[in-house]
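Have a look at the structure below, then the notes.
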């Protein structure tokens, strides 16, 4: 007889109303990721290293913190790889 493993997951709801600073930060991050994806699509790049070489210094010139730039590049690379698989 075959046995099946079932995992129980418990969830909770947390009510959270972000303030304007958080909303603006998330919108900015989305814009940075969209820029990176656009450049990646235009250049045919799916490698994080190659995309970093193309967009990193431009993002820093715009005044974005290096952590945000690198995180956006990482996110964009994941999106680009998923798009290239489909």
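Please treat every number below as a calculation from the coordinates, not as lab data. Everything quoted here is computed from the prediction, not taken from an experiment. Cβ atoms come from the backbone with ideal geometry, glycine included; neighbour counts cover every protein chain shown.
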**OP:** Tell me, yes or no, whether the stretch 18-41 has at least one residue that is outside any helix (DSSP H, G or I), without any contact (Cβ under 8 Å) to a residue 24 or more places away in the chain and out of contact with any helix residue (DSSP H, G or I) (no Cβ under 9 Å at 6 or more places or on another chain).
**Re:** yes
Original post:
Among all residue pairs at least 6 apart or on different chains, which show Cβ distances below 7 Å where the first residue, located in the stretch 64-82, is under 12 Å from residue 30 (Cβ atoms) and the second is surrounded by fewer than 16 Cβ atoms within 10 Å (Cβ to Cβ)?
Top reply: 68/29; 72/29
Original post:
Looking at the stretch 44-61, is at least one residue exposed (fewer than 15 other Cβ atoms within 10 Å of the Cβ), farther than 23 Å from residue 81 by Cβ and over 14 Å from the mean Cα position of the chain (by Cα)?
Top reply: yes
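Looking at this structure, is residue 35 more than 26 Å from residue 85 (Cβ to Cβ) and surrounded by 15 or more Cβ atoms within 10 Å (Cβ to Cβ)? Give the derivation first.
Details: more than 26 Å from residue 85 (Cβ to Cβ): no; surrounded by 15 or more Cβ atoms within 10 Å (Cβ to Cβ): yes.
The answer is no for residue 35.
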